[in-house]
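Here the structure is laid out as structure tokens; the discussion comes afterwards.
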Number of protein chains: 2
Amino acid sequence: MAQRTRADALTRERIVEAAVELLDADGESGLTFRTLTERLSTGPGAIYWHVANKGELLDAATASVIGGALAVEVTGTPQDEIRAIALGLFDAVERHPWLPPQLAVQLSRSPWSSVTPRIFESIGQRVSVLGVPESTWFTATSALVHYVFGAAGQNAANARVLARGVDRADLLDAAANAWEELDPGDHPFLRAIAGQVRGHDDREQFLTGIDLILTGITGAAPCGSTRP
Amino acid sequence: MAQRTRADALTRERIVEAAVELLDADGESGLTFRTLTERLSTGPGAIYWHVANKGELLDAATASVIGGALAVEVTGTPQDEIRAIALGLFDAVERHPWLPPQLAVQLSRSPWSSVTPRIFESIGQRVSVLGVPESTWFTATSALVHYVFGAAGQNAANARVLARGVDRADLLDAAANAWEELDPGDHPFLRAIAGQVRGHDDREQFLTGIDLILTGITGAAPCGSTRP
DNA sequence: ACCTGAACACCGTTCAAGT
DNA sequence: ACCTGAACACCGTTCAAGT
């Protein structure tokens, strides 16, 4: 078999791009060296020339997607920009619902390198112009980033179910109905909120959560300022 | 080979227990049907008699661990109880750092059943006696739960690195040093907070984040003033 | 009803060989 | 330097057979 011509030469970027497409189409199980080599019309050895192993490939796919989400321009008050950045990440995770489990694994390979610092920098820059003491910046930014991760993870889980053809209203209805039939003594709270679940908007609720934390950050400033 | 005597009979609980032990010891890759059958002195067919497949086994392991964390008694003001429940989950995830990726996968199998409703009920019961309008309960509880998930996930990633024998101070030092050498134009925020990262306490920072959200929920009342 | 263990399809990875 | 593709060890799962 002849070697590839320069036009369709294999590059790391082309491999990562194909990996993201396979992950988007069929989830984590959709990316194997078989499907990847088939799509790229090559053999496993060619992949391994450009990428050390599957973990590094998944890391690169994650960095590529998160980097794209952080690259969008945002303008406005610091609060507006934080909302826009957070929503950008939220939407990116919804489009690529394989991200959260993969990110959780990647973080444990190198928790303070890779993608987390870029998100911290992006959100933290806006926190630092919020007018709160510098001693609170790290904790305030952590709270925002952790909330974004958690909310995006839950939403991605929903997105993966919806990708299987389930209707969103049906999904929420089924949960709400089940909760309304729970024993009031054991589960008073789920019974009480079942109605709110049925009609809620995920993105709107996500932003309300961001606002809660922003209120806490700017409102709690007098308390936090006692720290050196 | 003789069948098992009644004393060492295989049960679903015994299998789940062994699975948790293997996951705790060696992470997600530590649990295979080979290691599991070896530890239980049986064959794969015996496991499949009690458990449908590996996914169900992982779901059961997750439910077992989260259930244990939620079972502890907590007393105090609603805020105190929320802090205690959140910290219990945080600590459980630190002891079982394989949880976050697994939970992310499990949620996408059935996002509104399984373990999330139990956490919502537990935290939501305390939110409902915080004195805020019922229309805000669902969103407020979501914000708390998502924050807990995100923060616990990040912390679990750290825990997995530390489990490999890395010293915590060395890990934070390495990150802080790297950030202090970044270009100030590109990464002003990471440079600014590098010093705070070095000495911070994860659990304390986690609880401060909970307090930020509680402050936001109760309407930016001065810190702690709602406590009797 | 509960368990055994060989067998199967599939996976990530390696590596001698080609150009 | 870059790619090929057969081969290897390991994985989850099945199932005919035992008690």
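The values are calculated or read from the model by the stated rules, or taken from the named source; none is laboratory data. Predicted, not measured: the structure shown is a model, and the values here were computed from it. For neighbour counting, all protein chains shown are included, and Cβ atoms are generated from backbone atoms with ideal geometry for every residue, glycine included.
Worth a mention:
- The condition of being at pLDDT below 95 and more than 9 Å from chain A (Cβ to nearest Cβ) holds for only one of B:131, B:199, that being B:199.
- Scan segment A:27-53 for residues that are touching a Ser or Thr at 6+ places or on another chain (Cβ under 7 Å) and loosely packed, with under 13 Cβ neighbours inside 10 Å and the total you get is 2.
- Verdict on residue A:168 being among the basic types (Lys, Arg) and in contact (Cβ under 8 Å) with a residue 12 or more places away in the chain: no
- Residue match in segment B:90-111 (condition: part of a helix (DSSP H, G or I), more than 16 Å from DNA strand C (Cβ to nearest atom) and out of contact with any helix residue (DSSP H, G or I) (no Cβ under 8 Å at 6 or more places or on another chain)): no
- Filtered residue count, segment B:22-43, keeping only those that are out of contact with any Pro (no Cβ under 8 Å at 6 or more places or on another chain) and more than 8 Å from DNA strand D (Cβ to nearest atom): 11
- Restricting segment B:44-66 to residues that are within 7 Å of DNA strand D (Cβ to nearest atom) and away from chain A (no Cβ under 14 Å) leaves a set whose member that is nearest to the chain's Cα centre (by Cα) is B:48.
- For segment A:54-85, a residue qualifies if it is within 16 Å of DNA strand C (Cβ to nearest atom) and surrounded by 16 or more Cβ atoms within 10 Å (Cβ to Cβ), and the qualifying residues are A:57, A:58, A:59, A:60, A:61, A:62.
- Meets criteria (under 15 Å from the mean Cα position of the chain (by Cα) and farther than 25 Å from residue B:102 by Cβ) for residue A:70: yes
- Residue pairs meeting the criteria (Cβ under 7 Å; at least 6 apart or on separate chains; first over 12 Å from residue A:15 (Cα atoms), in segment A:44-69; second not in a helix (DSSP H, G or I)): A:59/A:114; A:62/A:115; A:63/A:114; A:63/A:115; A:65/A:96; A:66/A:115
- Across segment A:102-128, the qualifying residues are those that are at the interface with chain B (Cβ under 7 Å from one of its Cβ atoms) and hydrophobic (A, V, I, L, M, F, W, C), and the one among them that is nearest to the chain's Cα centre (by Cα) is A:104.
- Residue among A:166, A:161, A:105 that alone is at pLDDT below 95, surrounded by fewer than 23 Cβ atoms within 10 Å (Cβ to Cβ) and within 24 Å of residue B:93 (Cα to Cα): A:105
- Any hit, segment A:190-204, residues being in contact (Cβ under 8 Å) with a residue 60 or more places away in the chain and either surrounded by fewer than 22 Cβ atoms within 10 Å (Cβ to Cβ) or touching a helix residue (DSSP H, G or I) at 6+ places or on another chain (Cβ under 6 Å) (or both): yes
- Close pairs from segment A:17-34: first more than 17 Å from residue A:100 (Cβ to Cβ), partner modelled with pLDDT under 95, Cβ under 6 Å, at least 6 apart: none
- The criterion of at least 1 residues that are farther than 22 Å from residue B:110 by Cα is met, among helices (runs of 4 or more DSSP H) falling completely within segment B:1-89, by B:12-26, B:33-39, B:44-50.
- Flag if residue A:95 is free of Cβ contacts under 8 Å to residues at least 60 places away in the same chain and basic (Lys, Arg): no
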